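One structure is given below, encoded as structure tokens.
A short reminder: the numbers here are calculations on the coordinates, not readings from a lab. Computed from a predicted structure; not experimentally measured. Positions of Cβ are backbone-derived with ideal geometry, glycine not excepted, and every protein chain shown enters the neighbour counts.
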Amino acid sequence: MARYTDTAVAPGAVRWVESGGGPLIALPEAVLPFWAGADGDETSSDYDRACDLDGHIGLLPVGDTRALVLGREPAATTYLPEHGTFVRRYAADSGAGLLADVPAALDAADWEPEARWRVPGPVVLFDAACPGDAFRGRDHVRVELAPGRYGVRAARVATGPRTWLGLVRLRPLTG
């Protein structure tokens, strides 16, 4: 099991990514330069497009692929590779306690319909307001995904009276 840390300096520790108030995105590294974030002269920035999505997850075209948008809520989020899941901290007394609840939450989750996402390789989770070529030095997590198609589904789970978490599970698809 991964360990919790706010700074993620320790090897094997979980790193939480936070936003300035809007959604987070998981963007394939191959198209990072094409994501303008909140910058740009257009009437609708990439960030605006991400904010316009409804639900816990959504997919937006970026270059020749798509970004996975993790809702509009600015919940601290991490990726747990052992579960193939982004975990979003909506309410919790501690990150460690929340992480301990993940296996049971995955079993108890009432999942939303599955979306299909094709990725060309690793993705980077960061604040959607940030341009893709400027996320370094800011909160981000690189997620090692093999190229291919994934089923993506989301759920929101209460694991205690004061603990709520969001789950966004990735499932490799064959064929």
Subject >> Estimated FRET transfer efficiency (L59, A104; beta-carbon r; R0 35 Å; 0.05) >> reply: 0.80
Original post:
What ranking of W35, W164 emerges when the number of other C-beta atoms within 10 Å of each C-beta is taken as an exposure proxy, fewest first?
Top reply: W164, W35
**OP:** Decide, for region 89-132, between rounded, prolate and oblate: order the square roots of the alpha carbon gyration tensor eigenvalues as a ≥ b ≥ c, take rounded if a/c falls under 1.5, and otherwise choose prolate if a/b is larger than b/c, else oblate.
**Re:** oblate
Original post:
What percent do you get for the relative contact order of region 71-161 when only Cα pairs under 8 Å and 6+ apart count?
Top reply: 30 percent
**OP:** List the residues whose amide H sits under 5 Å from the amide H of R15, counting only those 5 or more places along or on another chain, with H placed 1.01 Å from N in the peptide plane.
**Re:** Y79
Original post:
Between A134 and E112, how many nm apart are label points set 7 Å from Cα along the C-beta direction?
Top reply: 2.9 nm
Subject >> Sorted by Cβ neighbour density within 10 Å, fewest at the top, the residues D110, D52, D127 >> reply: D110, D52, D127
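Let me check I've understood the local charge: for W164, count other residues with C-beta under 11 angstrom from its C-beta, Lys and Arg +1, Asp and Glu -1. What total comes out?
Computed value for this residue: +2.
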Subject >> For the chain, projected area of the alpha-carbon convex hull averaged over all directions, nm² >> reply: 10.0 nm²
**OP:** Would you kindly derive the ³J(HN,Hα) couplings of region 140-155 from the backbone phi angles with the Karplus curve 6.51 cos²θ - 1.76 cosθ + 1.60 (θ = phi - 60°), listing them in order in whole Hz, with x for Gly and Pro?
**Re:** 6, 9, 8, 10, 6, 10, 6, x, x, 9, 10, x, 10, 9, 10, 8
Original post:
What is the packing order of peptides 116-124, 83-91, 23-31, taking the mean over residues of other C-beta atoms within 10 Å and listing the highest first?
Top reply: 23-31, 83-91, 116-124
Original post:
For region 80-91, what does the Karplus curve 6.51 cos²θ - 1.76 cosθ + 1.60, with θ = phi - 60°, yield as ³J(HN,Hα) per residue in whole Hz, taken in order and with x for Gly and Pro?
Top reply: 10, x, 5, 10, x, 9, 7, 10, 10, 8, 7, 7
**OP:** For region 16-172, calculate the relative contact order in percent as a whole number, restricting contacts to Cα pairs under 8 Å that are 6 or more residues apart.
**Re:** 32 percent
Original post:
To the nearest 10 degrees, how steep is helix 95-108 against the longest Cα principal axis of the chain, on a 0 to 90 scale?
Top reply: 90 degrees
**OP:** Sum -39500 (n - 2.57) across every DSSP H segment of at least 4 residues in the chain, then divide by the residue count to get the 222 nm mean residue ellipticity, nearest 500.
**Re:** -3500 deg cm²/dmol
Subject >> Residue-wise HN-Hα coupling along region 113-129, computed from phi with Karplus coefficients 6.51, -1.76, 1.60 (Hz; x: Gly, Pro) >> reply: x, 7, 9, 10, 10, 9, 10, x, x, x, 10, 10, 8, 7, 5, 4, 6
